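**Student:** Just passing along the structure, written as structure tokens.
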Amino acid sequence: MVIKVANEVKYSGLADQRLSETLNQEVLLALADRNALQQHPALVYAGDCGQSGSTVIKTSQIGWMGYDQLASVAESAAPGNSALVDASSTITVARYAKEYQVTDLASITDSSLFQNPGFWAQDAVASSAMTLTNLIAALAGGFSTVKGSTTVNMTLANWFDALSALEIANVSGPYMAVLHPQQYHDLQAALRAESSSAIAFSPATVEQIAVRGPGFKGSFFGADIFTSAQCGTANSGADRSGGVWGRGAIGWADATPVVDVSANAIVAGKILIAMDYDPSTAQKKVVTNSYLGAAEMIDLCGVSIITDA
């Protein structure tokens with residue numbers, strides 16, 4: 001005998017008692033490059049232009065400490081005057097900012113993020129760091145010395161040619177390389193195909209990644225390799241432009257913001273986070289301001305690596 005039951009209590013029938021979906025408390029970050037670079041010793045920090053009277057910081061270069069060698073001079077003869085070689089480079093600090101607008105309803109129904117000041121501070125710090133990474137990575141492809149071939153994957157020869165160019169130019173280490181992920185994985189493929197046991201890549205340890213960030217991949221023949229999707233394109237998008245350099249090639253600078261007495265704002269590190277509320281639209285505005293700059297300093301201290309994208 002088959003018994004049919006009517007009016008069962010089913011999930012599908014509880015439309016007025018159940019939500020169409022519930023929100024997982026874990027929030028996944030959208031995909032983005034979050035590999036900050038600015039703490040490496042191969043980068044020159046030119047200083048803070050706050051209260052300096054200018055947004056431009058000038059760094060001098062001088063031919064001293066062994067640049068000019070001694071000449072052979074006869075006894076009782078004067079050596080003659082030597083011209084002192086000097087040059088300079090400048091970094092201009094500019095404003096970089098972003099604004100979010102959050103409505104009351106978004107805040108009221110939110111469970112953790114929008115009402116949490118720590119969330120906004122963390123986002124501001126990360127965004128500022130990645131903005132500076134973008135400025136630095138954009139310079140990697142602009143050196144006069146270029147290695148690699150258009151539409152051809154990066155090879156071990158490209159890597160060693162770049163290091164050789166730095167050594168020939170008397171560039172002091174430690175060296176820093178910033179490669180697009182595609183270039184890095186092409187280099188790894190070339191390493192896997194290499195039969196010589198003398199060529200060894202030193203992968204990043206957990207401790208090193210904790211200090212230098214997830215973009216640090218390891219060291220290879222005296223150069224620390226970082227990856228960044230911020231590396232620019234070249235040759236109408238056919239290639240990616242990474243680079244390797246020593247100290248003196250790229251410098252960066254910043255400025256400490258000043259909080260106006262009328263502003264509802266805080267300074268986190270050197271980042272200004274300001275909040276304002278518009279009652280007419282029931283919206284909170286959160287504005288992040290950071291004052292940054294980066295520039296090429298000594299061109300021969302760096303080598304661009306331009307290879308297939």
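**Student:** Take the Cα of Ala121, step 7 Å along the line toward its Cβ, and report every residue of region 248-269 whose backbone nitrogen sits under 14 Å from that point.
**Tutor:** 265-269
**Student:** Place a label point 7 angstrom from the Cα of Tyr67 along the Cα-to-Cβ direction, then list the residues of region 156-187 whose backbone nitrogen is under 19 Å away.
**Tutor:** 167-173
**Student:** Another question about this same structure. Applying 1/(1 + (r/R0)^6) with R0 = 51 Å to the Cβ-Cβ distance of Val56 and Arg192, what FRET efficiency is obtained, to the nearest 0.05? The partial results should precede the final answer.
**Tutor:** Numbers: r = 47 Å, r/R0 = 0.91.
Approximately 0.65, to the nearest 0.05.
**Student:** Quick check for you: which residues of region 43-72 have the amide N under 20 Å from the point 7 Å beyond the Cα of Thr90 toward its beta carbon?
**Tutor:** Label zone hits: 44-62.
**Student:** Okay, moving on. Under the 0.36 nm per residue contour assumption, what length would be gained going from the current alpha-carbon distance of Asn170 and Leu113 to full extension? Can you show the working numbers first?
**Tutor:** Values: separation 57, 0.36 × 57 = 20.52 nm, distance 5.07 nm.
Stretched fully, the Asn170-Leu113 segment lengthens by 15.4 nm.
**Student:** Normalised by the empirical 2.2 N^0.38 Å for globular proteins, what value does the Cα Rg of region 172-251 take? The partial results should precede the final answer.
**Tutor:** Numbers: Rg = 13.4 Å, N = 80, 2.2 N^0.38 = 11.6 Å.
That works out to 1.15 for region 172-251.
**Student:** Could you calculate the FRET efficiency of Thr103 with Ala138 from 1/(1 + (r/R0)^6), where r is the beta carbon distance between them and R0 is 41 Å, rounded to 0.05?
**Tutor:** That gives a FRET efficiency of 0.70.
**Student:** Treat every Asp and Glu Cβ in the chain as -1 and every Lys and Arg Cβ as +1, leave all other atoms uncharged, and give the resulting dipole magnitude about the Cα centre to the nearest 20 debye. Before the final figure, lay out the partial values.
**Tutor:** Values: 16 positive and 27 negative charges, 94 e Å.
It works out to roughly 460 debye.
**Student:** At a Förster radius of 51 Å, what calculated FRET efficiency corresponds to the Cβ-Cβ distance of Asn264 and Ser236, to the nearest 0.05? Walk me through the numbers before you get to the answer.
**Tutor:** Details: r = 47 Å, r/R0 = 0.91.
Calculated transfer efficiency: 0.65.
**Student:** Between the alpha-carbon centers of region 121-156 and region 193-272, tell me the distance in whole angstrom.
**Tutor:** Distance between centres, Cα-based: 8 Å.
**Student:** Restricting to lysines 8 or more places apart or on different chains, can you count the pairs in the chain with Cα atoms under 27 Å from each other?
**Tutor:** Working: Lys58/Lys270; Lys98/Lys270; Lys98/Lys284; Lys98/Lys285; Lys147/Lys217; Lys270/Lys284; Lys270/Lys285.
Counting lysine pairs in the chain gives 7.
Values in this text are rule-based calculations from the coordinates and carry no lab data. Since the model is a prediction, treat every value here as computed from it, not as a measurement. As a convention, Cβ positions derive from the backbone with ideal geometry for all residues, glycine included, and neighbour counts pool all protein chains shown.
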